[in-house]
Amino acid sequence: MNLIVQGPAATAAQAEALARFAGSAAISQIGPQAWRVRKAAPSDEIALYCENAHIDFAFVPEGRKFAELQLLAMDMDSTLITIECIDELGDMAGCKSEIASITAQAMRGELDYPQSLRKRVGLLKGLPESALTRVYEERLRLTPGADELIAACKKNDVKLLLVSGGFTFFTERLKQRLGIDYTISNVLATRDGKLTGELVGDIVDASAKATKFAAVVAELGAERAETVAIGDGANDLKMMALAGLSVAFHAKPVVRAQANCAISWCGLDAVLNLYE
C-alpha cells in the first residue's frame, strides 16, 4: 500500500517521521505539502501523529491512477461549496439557528433525513424567491481546491456527478457554471414569488443519492474501481459505499468512520494526491 500524507502546513520532516512509523524509506514529494510513502505498513502512531499535526493521511493501493477513473461524485453543501444553503436561507427567514441545529443533527445521522428536511423547509414558508438568488450570489463559495479537482476531471474525461439533499436552484446553476455532467437534488415549491414551505416530488435522501450514483455508473459501463464518491454527511454514506474509493471530506464522525479515507484539513484538490 501507499501512504499519502498531506496538510496545509505539513513539512518534509513530518512526512519523514510518518514514513518511519510506516516502516518505509521510499518517500517522494508529490505536491507542495504532500508526500507518497511506498510499501507502507499501518501503525497506530500514524493516526495520532496526524491528528495532532493537522495532517491528512490515507492508505491507497499501489498503481491507482486518476486518469483511469470514469466517475467522480460529490455532495454539494459543505463539500463542493462551503455553506449549507438551507441554513443561509434560514438566516434570511430569521430562523438560522433552529434550521442549522436540525441540519447538523441530520448530517450526524441522528435524525431521519426526509423528516428533518420537511421540517426545515417548512420553516422557510413565505420567504421570497429572491432569497435564493441572494444566497447564490452573496454567500455561495466553492470550497478551496474545487476548481483544481474539476479541471483534472475535465482533463482526464472523468464524468462529474453532483448529488445533493439541497435544492435544484443551486445544483443547476453550478452544473452550468462548472460544466458538471449529472445532478440530483430537491425542488422547492413556490407560489406567487414565495416559498410555500413544501417540496415538489420525491425527496433526495441517502437512498436516492445511491440510486442515482448506481444509474450513472451503469450508463457509463464503469467498474467500481473506476469511481470515487466524496461526502460529509450521513446521507452520503449509501452512495459512498458503492464507490471504489470513498472520501469523507471535512466530515461528521459517522462518515469518517465508514469511509475509505478522510480529508479533514486540506482542500478538495487533495483528492488528486490519492491517485498517481
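Exactly one residue out of A40, A9, A17 is in contact (Cβ under 8 Å) with a residue 24 or more places away in the chain, in a loop (DSSP other than H, G, I, E, B) and surrounded by 13 or more Cβ atoms within 10 Å (Cβ to Cβ), and it is A40.
Can you confirm whether the stretch 23-30 contains a residue that is among the hydroxyl-bearing types (S, T, Y) and part of a strand (DSSP E or B)? Before the answer, list the steps.
The initial filter retains those residues of the stretch 23-30 that are among the hydroxyl-bearing types (S, T, Y), namely 24, 28.
When the remaining residues are screened for being part of a strand (DSSP E or B), the result is 28.
Looking for residues that are among the hydroxyl-bearing types (S, T, Y) and part of a strand (DSSP E or B), one finds at least one in the stretch 23-30, hence yes.
Among the residues of the stretch 67-110, what is the count of those that are among the small types (G, A, S), surrounded by 21 or more Cβ atoms within 10 Å (Cβ to Cβ) and over 27 Å from A270 (Cα atoms)?
Our first condition is that a residue be among the small types (G, A, S); within the stretch 67-110, this holds for 67, 73, 78, 90, 93-94, 97, 100-101, 104, 106, 109.
Checking which are surrounded by 21 or more Cβ atoms within 10 Å (Cβ to Cβ) leaves us with 73, 78, 90, 106.
So of that shortlist, the ones also over 27 Å from A270 (Cα atoms) come out as 90.
Number satisfying all stated conditions: 1.
Note on the stretch 226-275: residues that are acidic (D, E), under 21 Å from G63 (Cβ atoms) and in contact with a Ser or Thr (Cβ under 7 Å, 6 or more places away or on another chain) amount to 0. Residue-level analysis places R64 outside the set of residues that are among the basic types (K, R), farther than 29 Å from A270 by Cβ and either surrounded by fewer than 23 Cβ atoms within 10 Å (Cβ to Cβ) or over 18 Å from the mean Cα position of the chain (by Cα) (or both).
Those helices (runs of 4 or more DSSP H) of the stretch 198-274 in which 3 or more residues are charged (D, E, K, R) occupy 206-220. Within the stretch 114-160, the set of residues being farther than 24 Å from A215 by Cα, polar (S, T, N, Q) and outside any helix (DSSP H, G or I) comprises T143 only.
Just so you know, all these numbers are worked out from the coordinates, no wet-lab data involved. Bear in mind the structure is a predicted one, so any value in this text is a computation, not a measurement. Neighbour counts are summed over all protein chains in view; Cβ atoms, including those assigned to glycine, are modelled from backbone coordinates with ideal geometry.
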